[in-house]
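Notes follow the structure.
The values are calculated or read from the model by the stated rules, or taken from the named source; none is laboratory data. As the structure is a computational prediction, the values presented were derived from the model and not from experiment. Here Cβ is always computed from backbone atoms with ideal geometry, including for glycine, and neighbour counts include all displayed protein chains.
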Amino acid sequence: MKMQLAEIAHAVGAINDFEQWRSVSVTSVAFDSRHLQPGGLFIPLTGEQDGHQFIQSAIDHGAVATLWARDLATAPADFPVIQVADSLKALQALAQYYLSKINPRVVAITGSNGKTTTKDMIASVLSTQFNVTKTHANFNNEIGVPMTVLSMEPNTEMLVVEMGMDRPGQLDFLSKLVSPDLAVITMIGEAHIEFFGTRDKIADAKLEITHGLSDDGIFVYNGDEPLLQERAAELSQRQFTFGQTATDTINATSVDGTSTETQFTTNQWPDLTFTIPMIGTYNVNNALAALTVGNIYRIRPENMQRALKTVSLTENRAEWVQSTSGAAILSDVYNSNPTAVKEVLAAFSKTPVTGKRYVVLGDMLELGDQADAMHAGLASAIDPAAISHVYLVGPHMAALQNALAKQAPTLPVSHYESADLATLSADLQAQLTADDQILLKGSHGIHLEQVLAALQDSTEN
C-alpha cells in the first residue's frame with residue numbers, strides 16, 4: 001500500500017488537526033512495533049498490553065506516523081499522530097477503504113477444519129492467471145483480516161481471505177467487512193463446540209460468511225454435509241458444491257496415494273490426474289474446493305493441476321519433516337478437533353512404513369462439557385494393527401487412555417501431563433529409528449511444536 005496521511009486520516013475519521021503532516025507517505029501498517037518497516041503506520045491496539053506504550057519502539061523501527069486513541073497530551077511530540085476514538089475500529093475502517101480503492105475480487109474461506117490448507121490451494125490455483133494476495137499464517141480474525149487487506153499490492157486482482165471464528169456474529173462482521181464475491185465453507189466439525197453447544201449452531205455461525213455476499217455472489221460448500229445442504233437451500237446466490245459423491249458439482253472419482261502425496265481424478269476433467277503434496281481424503285476435499293473456485297474463475301485445468309502439485313502450505317499443517325534419528329514426522333500441531341484427528345489418523349495408518357508407526361495426540365481444546373467424551377471417542381479411530389504405541393498429552397487425553405485400555409488392551413499407551421513435554425520428547429527420542437513414522441497432532445495450546453523442535457534438534461540426542 002501507499003497512501004498519504006491526509007487520505008488515511010479521512011478514511012479513519014481523524015478527530016484532530018494534522019495539517020502539517022498531511023503529505024507524509026505511508027507504505028505499510030503494523031500493530032506490533034517490532035514488526036514495523038520503515039515507512040510504516042503504527043496501530044497501537046489495546047489487549048493484554050496497551051500498544052500505546054510501545055510508540056517509541058515503533059518510531060525506532062521506522063514508523064512515520066501512528067494512530068492514537070488516547071489523550072493527545074500523552075502522544076509523542078513533533079511526530080505525525082492521527083487521533084481516533086478506537087484504534088481497532090480505525091484499522092478496520094482503513095482496511096475497508098483500501099479494499100474499495102484496490103477493488104479486487106474477494107474469495108472468503110471458513111470451516112471447522114481445512115480452511116488454511118484450502119486458502120493456500122485456492123491462492124495457488126488463482127495465482128496461475130491472476131495477481132493474488134492471501135491471508136498470511138493465521139491472520140483470520142478482526143485484526144488479521146484487516147491486516148491481510150492492507151498487505152495488498154496495488155496490482156492485486158484476487159484477495160483470498162481466511163476467516164476464523166469462536167463466537168456467534170464474528171463471521172457476520174468479517175464477511176461484511178470485506179464483502180466477498182465468493183464464499184467457501186470447507187466443512188462443519190466440532191471445533192469451538194464449547195462456545196456453540198451443537199454442530200447445528202456451528203453451522204449457523206459458519207453460514208454468517210455469506211452475510212456480506214451480494215445478490216450476485218457465489219457460495220461454494222461441501223455438498224456431502226447435510227447441515228450445509230439445509231442452510232444453502234435458503235440462500236438466493238449461485239451455488240456450487242464439492243465432495244465425494246456424484247451429486248456434487250466437482251467430485252472425486254478415484255483417490256490413491258503414497259506416504260507423501262495423494263492423486264485423484266474428478267468428474268469434471270476425467271482425463272486429468274491431480275496430485276497434492278499431502279495425505280488424506282480430507283485434503284482431497286480441500287483440493288476439490290480449490291478446483292471449484294478455479295473453475296468458476298476460468299482457470300485452465302492444466303494450470304490448476306500444476307498449482308496443486310506445487311502448492312506452498314502454511315507451516316505445521318499435516319507437514320512431513322524428518323527427525324534427527326531419520327524417522328519421518330507428520331507434523332500437524334497447529335489445531336485439533338475430533339473430526340480432524342480421526343481424518344489424519346485414518347490417513348496416517350495407511351502410509352507405507354518399513355518400521356513402526358507412533359502417534360502423539362495432545363488435548364483438543366474448546367470442547368466444553370463434551371471434552372472427555374469426545375476424547376474417549378477417538379479410540380475407534382486408532383487401529384492397534386497399524387499403530388505400535390500411542391502417546392497422549394493433557395488432562396482430557398486421560399479419557400482416551402481409559403477408552404483404549406478397554407478397546408485395545410494390548411496397545412501400549414503412555415500419558416503425560418501438559419508440563420511434561422521434555423519427558424515425552426526424551427522418551428520418543430529413545431524409541432524412534434530411521435525406519436519409523438510418528439504423527440504429532442494437538443491443539444496449539446498444548447504446544448506439541450516443542451516436541452517437534454526437540455525431535456529435530458541434534459543437541460538433544
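When segment 263-279 is filtered for residues that are at pLDDT below 95 and surrounded by fewer than 21 Cβ atoms within 10 Å (Cβ to Cβ), only 277 remains.
On the basis of being at pLDDT 95 or above, in contact with a strand residue (DSSP E or B) (Cβ under 6 Å, 6 or more places away or on another chain) and on the phi < 0 side of the Ramachandran plot, does residue 355 make the cut?
No.
Taking residues in segment 342-359 that are assigned by TED's automatic domain parsing to the domain that holds residue 382 and in contact (Cβ under 8 Å) with a residue 12 or more places away in the chain, and partners anywhere that are among the acidic types (Asp, Glu) and surrounded by fewer than 17 Cβ atoms within 10 Å (Cβ to Cβ), the pairs with Cβ atoms closer than 6 Å and at least 6 places apart or on different chains are 349/383; 354/435; 355/435. The residue of segment 125-150 that is farthest from the chain's Cα centre (by Cα), among those that are closer than 20 Å to residue 182 by Cβ and among the small types (Gly, Ala, Ser), is 127.
Restricting segment 1-60 to residues that are assigned to a loop (DSSP other than H, G, I, E, B) and of a type in the set (D, E, K, R), the residue that is nearest to residue 149 (Cα to Cα) is 2. Within the option set 160, 145, being without any contact (Cβ under 8 Å) to a residue 60 or more places away in the chain, over 12 Å from residue 110 (Cβ atoms) and buried (at least 17 other Cβ atoms within 10 Å of the Cβ) holds for one residue only, 160. One residue alone among 355, 368 is out of contact with any Gly (no Cβ under 9 Å at 6 or more places or on another chain) and small (Gly, Ala, Ser), and that residue is 355.
Only one entry of 210, 245, 258 meets the criterion of being surrounded by 13 or more Cβ atoms within 10 Å (Cβ to Cβ) and not charged (D, E, K, R), and that entry is 210. Residues that are within 23 Å of the chain's Cα centre (by Cα) number at least 3 in the following strands (runs of 3 or more DSSP E) confined to segment 206-269: 218-222, 238-243. The set of residues in segment 295-327 that are hydrophobic (A, V, I, L, M, F, W, C), outside any loop (DSSP other than H, G, I, E, B) and modelled with pLDDT under 95 comprises 320, 321.
This table checks each residue for (1) touching a strand residue (DSSP E or B) at 6+ places or on another chain (Cβ under 9 Å); (2) within 21 Å of residue 425 (Cα to Cα); (3) crowded, with 18+ Cβ neighbours inside 10 Å.
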position: 308; (1), (2), (3): yes, no, yes
position: 335; (1), (2), (3): no, yes, yes
position: 339; (1), (2), (3): no, no, yes
position: 342; (1), (2), (3): no, no, no
position: 348; (1), (2), (3): yes, yes, yes
position: 351; (1), (2), (3): yes, no, yes
position: 360; (1), (2), (3): yes, yes, yes
position: 365; (1), (2), (3): no, no, yes
position: 368; (1), (2), (3): no, no, no
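From the list 127, 28, 57, 112, the one residue that fits, being surrounded by fewer than 21 Cβ atoms within 10 Å (Cβ to Cβ), small (Gly, Ala, Ser) and assigned by TED's automatic domain parsing to the domain that holds residue 184, is 127.
For residue 72, the conditions (1) modelled with pLDDT under 95; (2) under 30 Å from residue 157 (Cβ atoms); (3) hydrophobic (A, V, I, L, M, F, W, C) all hold with the exception of (2). On the given criteria, is residue 74 within 30 Å of residue 297 (Cβ to Cβ) and polar (S, T, N, Q)? Spelling it out, it is not the case that residue 74 is within 30 Å of residue 297 (Cβ to Cβ) and polar (S, T, N, Q). Within segment 89-134, the residues that satisfy the criterion of being free of Cβ contacts under 8 Å to residues at least 40 places away in the same chain and farther than 12 Å from residue 293 by Cβ are 89, 100, 101, 103, 131, 133, 134.
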